[in-house]
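Asker: Structure in structure tokens, see below.
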Amino acid sequence: MALDTKSKKQAIAVREVATNVLLSVQSLRVWFELRRFGFGIVGHVRAVDGVNFDLHQGEAIAVVGESGCGKTSLMKTILGLYKPTEGHVIFEGKNLSEMGSRGLQWYRSQVGYVQQDPFGALPPFMNVQRIMEEPLIISGVKNRQERARRVRKVMEEVKLFPVDDYLSKFPHMLSGGQQQRVVIARAMILEPKLIVADEPVSMLDASVRVEILKLLRGLQTSHNLSFIYITHDLSTVRYFSERIFVMYAGKIVEIAPIDSLLKNPQHPYTLALLTATSDPDANNAKSFKEVPPGEPPSLVNPPTGCRFHPRCPKIIKGKCEVEDPVDIVTEPDHVTACWLYQ
Amino acid sequence: MADEILLDVKNLVLHFATTRGPVQAVDGVDFQLDYNKAVVILGESGCGKTSLAKAILRLLPRNVKTYSGEVKVAGKDVMLLNEEEFRQNVRWVAISLVPQAAMNALNPVLRVGDQVSEPAIIHLGMKKEDGLQLALKMFQHVGVPADFITRYPFELSGGMRQRVAIAMALVTSPSLIVLDEPTSALDLLTQANIFNVLKRIKKELGTSFILITHDIATSSELADSVAIMYAGQIVETGEAGKFFPAPLHPYAQKLMASVPRLRANKDPDFIIGQPPSLVNLPTGCRFAERCPSRFEKCVQDPPVIKKDGRLVKCWLYA
């Protein structure tokens, strides 16, 4: 089962991309090797297994899935922190795996990253000013006044007023919401074209969450940024993204515009996610929820055929457990990888 | 004592001593809970929800400054009991706890069956074999396969560990279980499954629940009544059916408005500012600083007012 990665990598040709596409992910696989005693490969964790999508300039997408479905691995590969086992990540026509160190430095100035846990993402021994200047210093902005001007500008954009009060503070002196603003400002300071946010609000309190989401959405529209929002919470997605990608066990199972997904979910897994998401309503307590039993599969030995088939209530016997489902266009812009719609 | 209510908490106070002064984590909390009902205690982090759970179960750290009030369990004031009596007669016998991050609360070196049967062996004086039998029965209630009984916690997934923790709270058949953020670390589908389990237990065994959480949307899955906590105090209590559509207290209204909804096309709002520090609490209404409808009276401590069968601590309804 071991994959000859080198020969496969060459076998997949780079697909042509349209000019308004900022980021193109093509048949991406990220597999991690499992070794026994540090030697001999005994298997692979197939964290991302054949993902394709194009992200347009100025578009906000959301990747929704449960923990362990590979959404963080996908994001880290897009950020250039993991190397693809197979397939390509193309940013503005340039292949990420062919960029040299200079190329990667440029790439990282074009892509901002908002981490999940703001406190863990900020160095505790640096004050806010130093944290914000760090990316500028690395990317070679030598003029001190120029740096101060840009720090001030970006901090005003994330509404950390008055700026002077915050500059000398250390991360532990800020509240969770303020810390997350600093993280966002740091991601914005090099004026990137793409922001990747990994569960940016899951560590924050309910009352602050919406504020941060609105801030991110505001920045996205005012700067015409492309945005990848990674989350497990479907209820926040609708305020944020134009297109939703539902991911399950390393694969994208459904891609749809938000309204179409909410009104007409097609993949049984998407339907299960929507059913499991509660709205505050006292009637919820009166009935049981229909949720598929079991847990997501191990990514070392994923089920054959459709990976959702062991939990799927609508399984087609003899088909779903044998053949990998193909992407089926069911409505305009609505793509589902499910045999039900063939 | 069938006409007695199960839990009656009156003026419960729990302050901690710190170098910065007393932290008023629980500051005069009143609420009631009847048999076979579930109350949800909602609040943001740092409002004292977990301290309230600990105060009810008397699981206190060493730096307690004040611990007073009345906690009546089935009509008996358990605050008057000494530590040993409380341990023997109340904790895990009448009230048990599913701790926060229960997935990591299990002992990694003991088999889960032994852990689940331990409360029964200690509190009910059962033999080990009987305890394991009882544990098996509890596993059935919470949906853990019977052969898991000889496994170690690391061999179980997060959802299964959570179910084991619930089984452990159930094993002595207490009339009340305190759940402290039972599903916050779990995946969406697992979370829905756990709430199904809790609903089934409530229906089949007639257990009461105190559910402590910050997740308003999922809390409605179990709630019969709701208590909103802010800065160490309960600012509103009421039936879930009345609360969720129309909360009374401005903080509760704002909190409800901040919930992103999947099904309603409503733009969520947020609350400006931050909750006050529990060391330096403002005099008067503790929410006044962030309140959109504040007026002159709010500098005084608001009374608890009965309105429409609900209790609300706000001058607006005086």
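The values are calculated or read from the model by the stated rules, or taken from the named source; none is laboratory data. It should be emphasised that the depicted structure is a prediction, and the values quoted were computed from it without experimental measurement. Every residue, glycine as well, gets a Cβ built from its backbone with ideal geometry; the counts of neighbours run over all protein chains shown.
Asker: What number of residues within the stretch B:219-235 are out of contact with any strand residue (DSSP E or B) (no Cβ under 6 Å at 6 or more places or on another chain) and among the aliphatic types (A, V, I, L, M)?
Answerer: The qualifying residues number 1.
Asker: Now for a different question. Which of the residues spanning the stretch A:293-311 are surrounded by fewer than 20 Cβ atoms within 10 Å (Cβ to Cβ) and either in contact with an Asp or Glu (Cβ under 9 Å, 6 or more places away or on another chain) or farther than 13 Å from A:V45 by Cα (or both)?
Answerer: Result: A:P293, A:G294, A:E295, A:P302, A:P303, A:T304, A:G305, A:P310.
Asker: Restricting attention to the stretch A:159-173, does a residue exist that is surrounded by 16 or more Cβ atoms within 10 Å (Cβ to Cβ) and among the hydroxyl-bearing types (S, T, Y)?
Answerer: Yes: the stretch A:159-173 contains one or more residues that are surrounded by 16 or more Cβ atoms within 10 Å (Cβ to Cβ) and among the hydroxyl-bearing types (S, T, Y).
Asker: Of the residues B:E221, B:E239, which single one is more than 30 Å from B:R294 (Cβ to Cβ), at pLDDT below 95 and within 14 Å of chain A (Cβ to nearest Cβ)?
Answerer: B:E221
Asker: Look at the stretch B:90-119 and say how many of its residues are closer than 29 Å to B:Q24 by Cβ, in contact with a strand residue (DSSP E or B) (Cβ under 9 Å, 6 or more places away or on another chain) and assigned to a helix (DSSP H, G or I).
Answerer: Residues in the stretch B:90-119 being closer than 29 Å to B:Q24 by Cβ, in contact with a strand residue (DSSP E or B) (Cβ under 9 Å, 6 or more places away or on another chain) and assigned to a helix (DSSP H, G or I): 1 in total.
Residue-by-condition table, conditions (1) in a helix (DSSP H, G or I); (2) more than 30 Å from A:D259 (Cβ to Cβ):
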site	(1), (2)
B:P268	no, no
B:I271	no, no
B:L278	no, yes
B:C298	yes, yes
B:D301	no, yes
B:L311	no, yes
B:L316	yes, yes
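Asker: Please determine whether any residue of the stretch A:122-139 is basic (K, R) and loosely packed, with under 14 Cβ neighbours inside 10 Å.
Answerer: No - not one qualifying residue is present in the stretch A:122-139.
Asker: Of all residues in the stretch B:26-61 being surrounded by fewer than 23 Cβ atoms within 10 Å (Cβ to Cβ) and touching a Gly at 6+ places or on another chain (Cβ under 6 Å), which is farthest from the other protein chains (Cβ to nearest Cβ)?
Answerer: Among those residues, the one meeting the criterion is B:D27.
Asker: Now for a different question. So, A:L219, is that one closer than 22 Å to A:L174 by Cα, surrounded by fewer than 22 Cβ atoms within 10 Å (Cβ to Cβ) and within 14 Å of another protein chain (Cβ to nearest Cβ) or not?
Answerer: no
Asker: Sort through A:S202, A:S226 and tell me the only one that's within 12 Å of chain B (Cβ to nearest Cβ) and of a type in the set (G, A, S).
Answerer: Result of the check over A:S202, A:S226: A:S202.
Asker: Here's something else I'd like to know. In this structure, does A:V182 turn out to be away from every other protein chain (no Cβ under 14 Å), aliphatic (A, V, I, L, M) and surrounded by 15 or more Cβ atoms within 10 Å (Cβ to Cβ)?
Answerer: Spelling it out, A:V182 is indeed away from every other protein chain (no Cβ under 14 Å), aliphatic (A, V, I, L, M) and surrounded by 15 or more Cβ atoms within 10 Å (Cβ to Cβ).
Asker: May I ask you to list the residues in the stretch B:192-247 that are part of a helix (DSSP H, G or I), in contact (Cβ under 8 Å) with a residue 60 or more places away in the chain and β-branched (V, I, T)?
Answerer: Within the stretch B:192-247, B:I201, B:I216 qualify.
Asker: Can you give me the number of residues within the stretch A:205-216 that are at the interface with another protein chain (Cβ under 9 Å from one of its Cβ atoms), part of a helix (DSSP H, G or I) and not β-branched (V, I, T)?
Answerer: Within the stretch A:205-216, residues that are at the interface with another protein chain (Cβ under 9 Å from one of its Cβ atoms), part of a helix (DSSP H, G or I) and not β-branched (V, I, T) number 6.
Asker: More than 14 Å from chain A (Cβ to nearest Cβ) and surrounded by fewer than 20 Cβ atoms within 10 Å (Cβ to Cβ): which single residue out of B:S157, B:S173, B:S184 fits that description?
Answerer: Going through B:S157, B:S173, B:S184 in turn, just one is more than 14 Å from chain A (Cβ to nearest Cβ) and surrounded by fewer than 20 Cβ atoms within 10 Å (Cβ to Cβ): B:S173.
Asker: List the strands (runs of 3 or more DSSP E) that sit entirely inside the stretch A:58-142 and contain at least 1 residues that are over 12 Å from the mean Cα position of the chain (by Cα).
Answerer: Of the strands (runs of 3 or more DSSP E) lying wholly inside the stretch A:58-142, those with at least 1 residues that are over 12 Å from the mean Cα position of the chain (by Cα) span A:86-91, A:111-114.
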